[in-house]
1. Can you name every residue in region 1-35 that is more than 19 Å from the chain's Cα centre (by Cα) and among the β-branched types (Val, Ile, Thr)?
2. Based on what the data block shows, is ILE102 under 14 Å from the mean Cα position of the chain (by Cα), among the β-branched types (Val, Ile, Thr) and assigned by TED's automatic domain parsing to the domain that holds SER166?
3. Quick check: is even one residue across region 145-159 out of contact with any Pro (no Cβ under 9 Å at 6 or more places or on another chain), more than 25 Å from VAL75 (Cα to Cα), of a type in the set (A, V, I, L, M, F, W, C) and not assigned by TED's automatic domain parsing to the domain that holds MET72?
4. Pick from GLY43, GLY38, GLY84, GLY67: which is over 17 Å from the mean Cα position of the chain (by Cα), modelled with pLDDT under 95, buried (at least 17 other Cβ atoms within 10 Å of the Cβ) and not assigned by TED's automatic domain parsing to the domain that holds TRP121?
5. Take the residues in region 170-201 that are modelled with pLDDT of 90 or more, of a type in the set (Gly, Ala, Ser) and surrounded by 12 or more Cβ atoms within 10 Å (Cβ to Cβ), then tell me which one is farthest from PHE148 (Cα to Cα).
6. Before we move on, is ARG142 among the basic types (Lys, Arg), out of contact with any strand residue (DSSP E or B) (no Cβ under 6 Å at 6 or more places or on another chain) and loosely packed, with under 14 Cβ neighbours inside 10 Å?
7. Looking only at region 19-78, which residues are within 15 Å of THR172 (Cβ to Cβ) and outside any helix (DSSP H, G or I)?
8. Quick one: count up the residues across region 107-123 that are modelled with pLDDT under 90 and either more than 18 Å from LEU189 (Cα to Cα) or assigned to a loop (DSSP other than H, G, I, E, B) (or both).
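The values are calculated or read from the model by the stated rules, or taken from the named source; none is laboratory data. Model, not experiment: these values are computed from the prediction. Here Cβ is always computed from backbone atoms with ideal geometry, including for glycine, and neighbour counts include all displayed protein chains.
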Amino acid sequence: MTERKINPMLKTGLELGPILGFFAAYLWLKDRIFTIGGMEYDGFIVVTAGFIPVFLLAMGLLWFLTGHLSRMQVVTAVLIVVFGGLSVWFNDPKFFKMKPTIIYLLFAGVLVAGLLRGQSWLQYVMDGVMPLTNEGWIILTRRLAAFFFGLAVLNELVWRLMSEESWVYFKTFGLTAAIFLFFMAQGRLFRDHSTQTDDDV
């Protein structure tokens with residue numbers, strides 16, 4: 001199915017809205033304890049329980065409006081349901097905090113699997129976004145795989161060694177900023193291996 005174009009602001013809102021909503025709700029409810037069905041839940045667990053359906057609703061609207069969800073979005077949604085659900089079911093926040101680690105390890109593993117076959121599966125996903133030579137895609141894939149492994153390790157260190165609130169800030173802003181800075185740092189690669197000519201601009 002061909003992806004339909006929608007307002008970029010609406011698309012960004014659907015993608016980032018649930019994450020920012022989680023952050024705001026956490027700051028509001030982090031110090032509260034809720035008794036539900038005779039079980040006590042802290043604010044983090046309650047916010048996690050609310051985040052799951054909100055995220056799925058946002059992804060459902062995005063799919064309805066565009067007719068498309070990336071593989072990355074689908075995998076992320078599945079892991080949010082699984083690990084968020086485990087955190088709520090066992091009343092233990094560590095499962096949800098481990099989710100970014102699992103996501104980044106999966107993405108890195110997939111990229112490495114492609115490289116071992118001499119292919120850039122990143123090119124398969126993003127070929128229409130960045131016009132690069134095959135060599136450029138291989139280099140970018142290697143760098144991104146290493147970067148994802150690094151993010152997985154960093155997430156483990158933050159949630160295990162720092163406070164819950166520090167992890168929430170890290171998850172909401174730190175990881176997003178890190179990915180943005182990674183691609184900004186690839187400017188020379190994009191320039192040296194671009195297949196776009198002056199006539200295409």
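1. THR2, ILE6, ILE33, THR35, listed by residue number.
2. Values: under 14 Å from the mean Cα position of the chain (by Cα): yes; among the β-branched types (Val, Ile, Thr): yes; assigned by TED's automatic domain parsing to the domain that holds SER166: yes.
Judged against the criteria, ILE102 is a match.
3. no
4. From the options GLY43, GLY38, GLY84, GLY67, the qualifying one is GLY43.
5. GLY174
6. Working: among the basic types (Lys, Arg): yes; out of contact with any strand residue (DSSP E or B) (no Cβ under 6 Å at 6 or more places or on another chain): yes; loosely packed, with under 14 Cβ neighbours inside 10 Å: no.
No: the conditions fail for ARG142.
7. LYS30
8. 3
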